[in-house]
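Since the structure comes first, as structure tokens, the remarks are kept for the end.
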Amino acid sequence: MGQHLLILPILLPMLTALVILLTGQVSSTLQRQISVASTALLVILAVLLLMDANGGQISVYALGNWQAPYGIVLVLDRLSALMVMITAVLALGCVLFACAGDDARGSNFHAIFQLQLMGLNGAFLTGDMFNLFVFFEILLLASYALLMHGGGKARIGAGLHYVVLNLVGSALFLIALGVLYGATGTLNMADMGQRIAMLEGDESALASAGALLLIIVFSLKAAILPLYFWLPSTYSSAAAPVAALFAIMTKVGLYAILRVNSLVFYDSTALVLIEAWLWWGGLLTLVLGAVGVLAARDLRTLSAYLVLVSVGTLMSASGMGHITGTAALLFYLIHTTLITGALFLLAELIGLQRGKAGTRLVRARRLRQPALLGGMFTIVAVAVAGIPPLAGALGKLVLMQAADETQRILLWPLLLMAGLTGLIALSRAGSVFFWASHKGEPSGPFIGRMQLSGVTWLLISAPLLVVLAGPLSQYTLATAQQLASPQQFRDTQLSSAIEPIPSASNASAIESDGVDMASTEKGDLP
Amino acid sequence: MELLFSLVTGVLSGSGIYLLLRGRTFSVIVGLTLLSYAVNLFLFSMGGLHTDAAAVIGASESPADPLPQALVLTAIVIGFAMTAFMVILAIRARAEFGNDHVDGKQGDEGVN
């Protein structure tokens, strides 16, 4: 059981999705129970994996027992365990919320939701480049369907753009993989990194081109500066639980960037270029996100731009290029993902009680439960804007400390300014929602038990992250150190494999390596 | 053969990108399809171009790399599914908006 634990986060959602599909439209209660139970189980699994990875060792699961670098492997290190954990926690909040009725607005919500989780977990756990592509496609296809859940003009319009953009992204992904495979003759991440380090001349330039193409694809998913235009309309038009789950989607791109930077391109000439681009792109995204936050006329759009601000923050941290920066980034990432999810859910609750005005920032009827919603809104606003005592402030503090002398000049003012704009925009939104309402009796519906539990589950993370800040920051620091030394990652995976070819000029030998065992890739075929 | 192959890939992706930038969902879909053809051809060639070399060990002197063929098969299947999804989505969008512009608005720039 122990050794198979690694594949369960992928198998469990897949089987759950199948079971839910098989039960058909028999009973929506049954579907909900299965979905919630499975997601709760996923949280437990994630905790087990996290404890497993916390020791510092890297576990490898070779699918079909085909050893790396020829077979496809799943790899669990601190980073993947952390990402699976965040996904599971966020997903449980979303699925609880959805059970209140959002899932009934279209067909097969829970099945698609589970498939999305499968794609996310797979992308976080895989140690193979092409497998990463396959899991990206799974999570994207599920996200297309989830985005369209409930229908309506806005969703179809945003969905069209989102789908086309991501299909182009997938095409680029394949081109990048083709170039990288052509240059290195392997698809295993660890092996590829090793081979790239040995490349010379034209081959090395080719690998750099592939690396940069790959970063473009991941930047599209992460919504960094020139590639973010799809995000605000997509996130603000999706159904609340979907938008909340999408808070992890931009982080998949970020995860992929962190992973390939540390494992594949750590020795490539392209890394300097990549880090420079991430740094400047991240800062500019931060600025534009902050402008968007101020300009938004709707709480959902505002939240979408807040996602952009957090993407900009994280990206600029990933471009810092040192261990403390990565550690700070990971700490901030936990907080920002969960809180953004909570914000999207809360926006829906507020919108429900305001009747036709919804989440638009206009005067509308009074809320039925102003104290409850207002209290939760305050917590979220404080956390998002990054004011003490909640974890947002801590996250920003470690980020600012992590920046070195030259980086501080840019990062400090921009980060603090973005926090200020977030604070201004959220307090304006709060005053409109809770104080500037029409006279008269409130008539909106009460908040359902499930909705409340979903939001609360995510909101608890805000104080919890402060309480656990010590162990968590140790964990993220250890994660960053682990990322910075890819040797361990390689050794665990490639220990049983054939020794790498020492000379890069011996290209034909590398080629034939790919030939010999490449049929093991059949595991990839549908 | 290399020249012909690269020309075909280049022309396909060029036309694909041109069509992708058009304002109508139909041309966008055709553009995406062309682009994915180009990508598939490109992937196929990443193990090197050989003639008379089946991807089976022992069948010929120097067998071709079978991995790109496996990858391209996966890419074709995924691309096919995505195109099907995109077609359905375009039909939905046509029904919702009443026109086939990608933005759902019949602007001046959309008339062509």
When you check B:Glu96 against the structure, is it among the acidic types (Asp, Glu), farther than 27 Å from A:Gly150 by Cβ and either more than 10 Å from chain A (Cβ to nearest Cβ) or open to solvent by 20 Å² or more (accessible area, probe 1.4 Å) (or both), yes or no? no
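Let's see how each residue does on (1) polar (S, T, N, Q); (2) in contact (Cβ under 8 Å) with a residue 60 or more places away in the chain:
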{"site": "A:Val168", "(1), (2)": "no, no"}
{"site": "A:Ala171", "(1), (2)": "no, no"}
{"site": "A:Leu177", "(1), (2)": "no, no"}
{"site": "A:Asn188", "(1), (2)": "yes, yes"}
{"site": "A:Arg195", "(1), (2)": "no, yes"}
{"site": "A:Leu199", "(1), (2)": "no, yes"}
{"site": "A:Ile215", "(1), (2)": "no, yes"}
{"site": "A:Ser219", "(1), (2)": "yes, yes"}
Every residue in the range A:43-61 that is open to solvent by less than 20 Å² (accessible area, probe 1.4 Å), out of contact with any strand residue (DSSP E or B) (no Cβ under 8 Å at 6 or more places or on another chain) and within 21 Å of A:Pro486 (Cα to Cα), please. A:Gly56
In the range B:5-64, which residues are within 11 Å of chain A (Cβ to nearest Cβ), touching a residue at least 60 places away in the same chain (Cβ under 8 Å) and either in a loop (DSSP other than H, G, I, E, B) or under 12 Å from the mean Cα position of the chain (by Cα) (or both)? B:Val28, B:Ile29
Flag for B:Val77 being assigned to a helix (DSSP H, G or I), under 19 Å from A:Val179 (Cβ atoms) and either without any contact (Cβ under 8 Å) to a residue 24 or more places away in the chain or among the hydrophobic types (A, V, I, L, M, F, W, C) (or both): no
Condition first: more than 18 Å from A:Tyr475 (Cα to Cα) and of a type outside the set (A, V, I, L, M, F, W, C). Now tell me which residues in the range A:297-335 satisfy that. A:Arg297, A:Asp298, A:Arg300, A:Thr301, A:Ser303, A:Tyr305, A:Ser310, A:Gly312, A:Thr313, A:Ser316, A:Gly319, A:Gly321
Would it be correct to say that A:Ala171 is in contact with a Leu (Cβ under 7 Å, 6 or more places away or on another chain), open to solvent by less than 20 Å² (accessible area, probe 1.4 Å) and within 10 Å of chain B (Cβ to nearest Cβ)? yes
Turns out the helices (runs of 4 or more DSSP H) fully within the range A:263-378 with at least 1 residues that are more than 29 Å from A:Trp412 (Cα to Cα) are A:323-353
Return yes when A:Arg428 is part of a helix (DSSP H, G or I) and at pLDDT below 90 and no when it is not. no
Boolean, A:Phe124 is of a type in the set (A, V, I, L, M, F, W, C), in contact (Cβ under 8 Å) with a residue 12 or more places away in the chain and either in contact with a helix residue (DSSP H, G or I) (Cβ under 6 Å, 6 or more places away or on another chain) or within 11 Å of chain B (Cβ to nearest Cβ) (or both): yes
Please count how many residues of the range A:362-379 are closer than 11 Å to A:Ser443 by Cα and either open to solvent by 30 Å² or more (accessible area, probe 1.4 Å) or charged (D, E, K, R) (or both). 4
State the number of residues belonging to the range B:73-93 that are open to solvent by less than 60 Å² (accessible area, probe 1.4 Å), aliphatic (A, V, I, L, M) and facing chain A (nearest Cβ under 9 Å). 8
Conditions first: (1) surrounded by 24 or more Cβ atoms within 10 Å (Cβ to Cβ); (2) away from chain B (no Cβ under 14 Å); (3) of a type in the set (D, E, K, R). A:Asp102 passes all but one, so which condition is the exception? (1)
Scan A:Val455, A:Val466 and give me the residue that is surrounded by fewer than 22 Cβ atoms within 10 Å (Cβ to Cβ) and on the phi < 0 side of the Ramachandran plot. A:Val466
Could you list, in sequence order, all residues of the range B:16-47 that are within 19 Å of B:Ile76 (Cα to Cα) and of a type outside the set (A, V, I, L, M, F, W, C)? B:Gly16, B:Gly31, B:Thr33, B:Ser36, B:Tyr37, B:Asn40, B:Ser45, B:Gly47
Considering every residue within the range A:148-155, establish whether at least one is within 11 Å of another protein chain (Cβ to nearest Cβ), crowded, with 24+ Cβ neighbours inside 10 Å and of a type in the set (A, V, I, L, M, F, W, C). yes
Consider A:Ser208 carefully, then state whether it is closer than 26 Å to A:Trp280 by Cα and among the polar types (S, T, N, Q). yes
Which ones in the range A:156-165 are at the interface with chain B (Cβ under 9 Å from one of its Cβ atoms) and either open to solvent by 10 Å² or more (accessible area, probe 1.4 Å) or touching a strand residue (DSSP E or B) at 6+ places or on another chain (Cβ under 8 Å) (or both)? A:Gly157, A:His161, A:Val164
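Which residues, taken from the range A:19-39, are part of a helix (DSSP H, G or I) and polar (S, T, N, Q)?
Scanning the range A:19-39 gives A:Thr23, A:Ser28, A:Thr29, A:Gln31, A:Gln33, A:Ser35, A:Ser38, A:Thr39.
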With the condition kept exactly as written, say whether any residue in the range A:185-204 is within 26 Å of the chain's Cα centre (by Cα), within 10 Å of chain B (Cβ to nearest Cβ) and open to solvent by less than 40 Å² (accessible area, probe 1.4 Å). yes
Answer yes or no as to whether A:Gly64 is at positive phi, surrounded by fewer than 23 Cβ atoms within 10 Å (Cβ to Cβ) and over 23 Å from the mean Cα position of the chain (by Cα). yes
Inside the range A:408-420, can you point out the residues that are touching a residue at least 40 places away in the same chain (Cβ under 8 Å) and more than 25 Å from the chain's Cα centre (by Cα)? A:Leu410
Mind listing whichever residues of the range A:205-233 are crowded, with 24+ Cβ neighbours inside 10 Å and among the β-branched types (Val, Ile, Thr)? A:Ile215, A:Val217, A:Ile224
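The values are calculated or read from the model by the stated rules, or taken from the named source; none is laboratory data. Values in this document were obtained by computation on a predicted structure and should not be read as measured data. When we count neighbours, we look across all protein chains shown, and the Cβ atoms used for this are built from the backbone with ideal geometry, even at glycine. Each accessible area value is taken on the protein alone, full model and side chains, heavy atoms only, with ligands, DNA and RNA left out. Shrake-Rupley method; radii C 1.70, N 1.55, O 1.52, S 1.80 Å.
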